[in-house]
Amino acid sequence: MAGRLVASGRLREAIPVFERIVRLSPNEATAHFNLGAAYLDAGRPGVAAAGFRRAVALKPTYAEALFNLGVVLEQMSQPREAIAALRKAVEIKPRMAPAHYLLGLLLSSEGLNAEAAQAFRRAAAVGPETSVGRLGRARVLMAEQQYAEAEACLRQALERDSGNRALHRLLANLLAEAGRFEEAESSFKQAIALGPDNVAVYREFLQSKKLAPSDRPLLTQMIDLVERGGGIGARRAELLFAIGKGHDDLGDYEAAMRCFDEANAIRRMTAAFDRDAQTRRANEIIAGFPPDLLAQAAELGDADHRPVMILGMPRSGTTLVEQIISSHSQIAAGGELQYWVSRTMSLDTKSLGDSVGGLIAELAAGYRAELDRVSPDVLRITDKNPYNFEWIGLIRLVFPNARIIHCRRHPVDTCLSIYATPFSTRTDYATDRGDIVFLYRQYLKYMQHWRQALPPGAIFDAPYEAIVADPETWSRALIEFCGLEWEDACLRPDTNPRVVRTASLWQVRQPIYSGSVERWRRYEPWLGELRELLTEPA
């Protein structure tokens, strides 16, 4: 009976049978695995996880159970636990391409891009003729900025497997990031038709377009899905963010905020933001880079002139600034490089001492290699990881000739946008208005210190509202700060052909406009603690 139901794909109907088998054979790992798989098919990941865990406890080398446990933990918004399970699975069974691929996705979501690329390469290597292997190869090509080759890989894969929604979804994202929105929309719609309950694709789709009244059926479809209990944990939050964005597009701001509140409430269940730890971290970093140490940058640091650091709070205009300046023929866009964030995780700023020279040489060599990967033959390369604002002192010490562009936007607009954004990497503070306000004030503390510790003119302020009001004046000033001759292409950032990865995919491809200035006024009744920042300087 159970075998017939499994063969016909009716796993959830087999649950009573599998439960009976487990009672009769409680020490049989396969029985617990089958029960876990049935509960997973029934949309009950918590019970499914228990089944897979029991199977692994009984048979520690059960790679398939570890893989399925990873799948369930990812659905339950436990990415680090999922990564641990998947690492064990591929260690036991190295040729399990789906496990390598999912591991790559999770490592990428945690900002571990180098490890993610390795996982995708292994998926491609062990399953070269499978769809999941081709997905892995496409992601490797995208990471290497070989976008035409990645597109060709995906289209070839779709010729063999046209019903694979993951292939359609990745192709849609690649096309959207390249600004080919009409083609992307077609691929997104195919992905949705093949998997209308796959909630993540809705968020990605809505990032690539602004809903019009004619798109209400799509919004209704998403609302119906969430009302039917579609998605769990992080996936449900993604769907709610997408619905909120749809309501925002159509001018229903109260409904949008309800969605953002519910989405963030879900994310808060797994968030672990520690204000005390953040305060200690900021105080240690600031104390570790006093003015007298930074005054030695010219003699201690590397002479490379290429780095252009675009930083500030997330959602403060970093993508717009990068689009403007990377329209210049001698400036390449690096996007949000993870170098400084990842290399400083274990850095003890209290004990730099006599080792600072060796540290500078090591960091300079590593970052030069990173820049070479972006482009080997331009004069300037951007790095728009916003959180580099924490490490301005270290960056200045390592690269005294680096240009530092500080993006500023109205504090409430900045923080409201953070609250309404489904970041692809873990951002625990973003789930709570009070935590966002706290981190914003920590950011102000950092910037105040760097201004006092660095010489005048070392940091270029790029105010978002001023840039959109007078783009030519500010674009010329940005290029001048980068030390290059003016090029008119910088006045047309919306036509910049580079691939863009940002939560503002659609907006960044539009001509510069002021529609996001004072956006907070539309949400004034629901600002809560964000209202405290109305007294901060804009």
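All of the numbers you see were taken from the coordinates with simple rules; none came from a lab. Bear in mind the structure is a predicted one, so any value in this text is a computation, not a measurement. Using ideal geometry, Cβ is built from the backbone for each residue, glycine included, and neighbour counts are taken over all protein chains shown.
Please list, in chain and number order, the residues 5+ apart from R408 or on another chain whose amide H is under 5 Å from its amide H, with Hs placed from the backbone.
Amide H neighbours of R408: A462, Y464.
Viscosity 1.002 mPa s, temperature 20 °C: give me the Stokes-Einstein translational D for the stretch 130-198 in µm²/s, with Rh taken as the Kirkwood radius over C-alpha pairs. Please list the in-between numbers first.
Values: Rh = 11.7 Å.
Calculated translational D: 183 µm²/s.
Sorted from largest down, what three extents in whole angstroms do the Cα atoms of the stretch 128-270 have along their principal axes?
Rounded to whole Å, the extents work out to 46, 33, 26 Å.
Based on DSSP H runs of at least 4 residues, each adding -39500 (n - 2.57), what is the mean residue ellipticity at 222 nm of the chain after dividing by all its residues, to the nearest 500 deg cm²/dmol?
Numbers: 28 runs with 316 residues, N = 538.
The helix-only estimate for the chain comes to -18000 deg cm²/dmol at 222 nm.
So for the chain, taking the charge dipole from beta-carbon charges (+1 Lys/Arg, -1 Asp/Glu), which of Q442, F289, A242 sits furthest toward the positive end?
A242
On C-alpha positions alone, give me the angle between the axis of helix 63-75 and the longest principal axis of the chain, in degrees, nearest 10.
For 63-75 against the chain, the angle is about 60 degrees.
Express the C-alpha Rg of the chain as a ratio against the empirical globular expectation 2.2 N^0.38 Å, rounded to two decimals. Walk me through the numbers on the way to the answer.
Numbers: Rg = 24.5 Å, N = 538, 2.2 N^0.38 = 24.0 Å.
For the chain, the normalised Cα radius of gyration comes out at 1.02.
Given axes a ≥ b ≥ c from the Cα gyration tensor, I'd like to know whether the stretch 274-403 is rounded (a/c under 1.5), prolate (a/b larger than b/c) or oblate. Present the calculation step by step, with values, prior to reporting the outcome.
Values: a/c = 2.08, a/b = 1.33, b/c = 1.57.
The shape class here is oblate.
Suppose R0 equals 51 Å. What FRET efficiency, 1/(1 + (r/R0)^6) with r the Cβ-Cβ distance, do L444 and A42 give to the nearest 0.05?
Values: r = 49 Å, r/R0 = 0.96.
About 0.55, to the nearest 0.05.
Across the stretch 44-61, in residue order, what do the Karplus-derived ³J(HN,Hα) couplings come to in whole Hz, using 6.51 cos²θ - 1.76 cosθ + 1.60 with θ = phi - 60° and x for Gly and Pro?
Each residue of the stretch 44-61 in turn: 10, x, x, 5, 4, 4, 4, x, 5, 5, 5, 4, 5, 4, 6, 9, x, 9 Hz.
Which value results when the Cα radius of gyration for the stretch 62-210 is divided by 2.2 N^0.38 Å? Present the calculation step by step, with values, prior to reporting the outcome.
On the way: Rg = 14.9 Å, N = 149, 2.2 N^0.38 = 14.7 Å.
Scaled against compact globular proteins, the figure is 1.01.
Any idea what the alpha-carbon Rg over 2.2 N^0.38 Å comes to for the stretch 283-535? Write down the numbers at each step before the final one.
Working: Rg = 18.0 Å, N = 253, 2.2 N^0.38 = 18.0 Å.
Its radius of gyration relative to the 2.2 N^0.38 Å reference: 1.00.
Would you kindly state how much longer the chain becomes between D372 and R522 on full extension, computed as 0.36 nm times their sequence separation minus their alpha carbon distance, in nm to one decimal? Walk me through the intermediate numbers first.
Numbers: separation 150, 0.36 × 150 = 54.00 nm, distance 4.39 nm.
Taking 0.36 nm per residue and subtracting the Cα distance, the gain is 49.6 nm.
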